[in-house]
């Protein structure tokens, strides 16, 4: 009798543990990687892996799901069928661009970055990047105006040490992640296979690392890729080869917080699947980790949107830079988001970020 009762209790515990595992998919049922999951107060719960799984909801009943390409979703965990959350596409589009015989391609991007830990958002940074691409030299230049706010000394530390990296991540790229993947495929370090759904799976010799989805009807391509795991696999392969050559066992890498360092980009494409630098619609970088000192998990979520593009000459760009050299505050950035139909942050994150700027917003 006691054994039967113990077994019954164990089954209940196992079922409860399993119930904390949630998969996030799009309207076609395809998994969404690098989704940031938070609670009502904006505190971190976790992020989804390449298969769209949030491994542990940590007992939180009301969850909020955020991803640059999808509308924010909030759900009560007790009411979702099959422990599956469906996210709807975010209808953010680029305006039409007229090609002109001028020397510079001007692309303006808007970005926002939120640093979230177990306690909620601790740091927020947002800004506008004036990107120029010199057509003749194929060279990109960028100038950034940003606003940041953080709790205590964290604002100074992050703004000083990593602020310029955040600004850099928000710039346009000469090569899309898709093209970088194709180069790696040519070298034999990555492989692409196609699923029956039409989704292309990107893998190395160890595991799947991301996906490529082409929607020719909408004229768009999305690429999702786990950069850090790819780098880790390369290092592990090199270490194994070096150990085999020396006859020694490779050193075991210390198990860290299971990170989902996801890179996501959405580009417009033509009928041939090609895209230009200015065809960037949006991109997201999600970096996760764990601080041993405070025993807290954290996520840095960076979202970037293209809000303007044009062909200009150097004189016109000089005037544009002069006009844009105005200091911005959080209110002006919010107005800019509305003016360009930039999707707002999930309401719980927005409320938590507003708390960081509370005094400034009330002035």
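Against the criterion of being closer than 28 Å to residue 129 by Cα, in the same structural domain as residue 124 (by TED's automatic domain parsing) and crowded, with 19+ Cβ neighbours inside 10 Å, residue 213 does not qualify. Hey, could you check the range 321-336 for residues that are assigned to a helix (DSSP H, G or I) and in contact with a strand residue (DSSP E or B) (Cβ under 7 Å, 6 or more places away or on another chain) and say which is nearest to residue 360 (Cα to Cα)? Looking at residues that are assigned to a helix (DSSP H, G or I) and in contact with a strand residue (DSSP E or B) (Cβ under 7 Å, 6 or more places away or on another chain), I get 330.
Taking the numbered list (1) in a loop (DSSP other than H, G, I, E, B); (2) within 17 Å of the chain's Cα centre (by Cα) in turn, residue 167 passes all entries but (1).
Report whether or not residue 141 is surrounded by fewer than 16 Cβ atoms within 10 Å (Cβ to Cβ) and either assigned to a strand (DSSP E or B) or touching a helix residue (DSSP H, G or I) at 6+ places or on another chain (Cβ under 7 Å) (or both). So residue 141 passes the test.
Selection over the range 174-202 of residues that are surrounded by fewer than 16 Cβ atoms within 10 Å (Cβ to Cβ), in contact with a strand residue (DSSP E or B) (Cβ under 8 Å, 6 or more places away or on another chain) and touching a residue at least 40 places away in the same chain (Cβ under 8 Å) gives a count of 1. Just one of the listed residues (339, 346, 351) is without any contact (Cβ under 8 Å) to a residue 24 or more places away in the chain, within 30 Å of residue 40 (Cα to Cα) and either loosely packed, with under 13 Cβ neighbours inside 10 Å or under 23 Å from the mean Cα position of the chain (by Cα) (or both), namely 339.
Results for (1) within 26 Å of residue 324 (Cβ to Cβ); (2) assigned by TED's automatic domain parsing to the domain that holds residue 320; (3) at pLDDT below 90; (4) part of a helix (DSSP H, G or I), shown as yes or no for each residue.
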position	(1), (2), (3), (4)
171	yes, yes, no, no
174	yes, yes, yes, no
182	no, yes, no, yes
192	no, yes, no, no
236	no, yes, yes, yes
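Scanning the range 52-88 for residues that are in a loop (DSSP other than H, G, I, E, B) and in contact (Cβ under 8 Å) with a residue 40 or more places away in the chain, we see that the one that is nearest to the chain's Cα centre (by Cα) is 68. Here residue 290 clears all of (1) modelled with pLDDT under 90; (2) within 16 Å of residue 121 (Cβ to Cβ); (3) touching a strand residue (DSSP E or B) at 6+ places or on another chain (Cβ under 6 Å) except the condition numbered (2).
The values are calculated or read from the model by the stated rules, or taken from the named source; none is laboratory data. Bear in mind the structure is a predicted one, so any value in this text is a computation, not a measurement. Because the Cβ atoms are built from the backbone with ideal geometry, glycine has one as well, and the counts that use them run over all protein chains shown.
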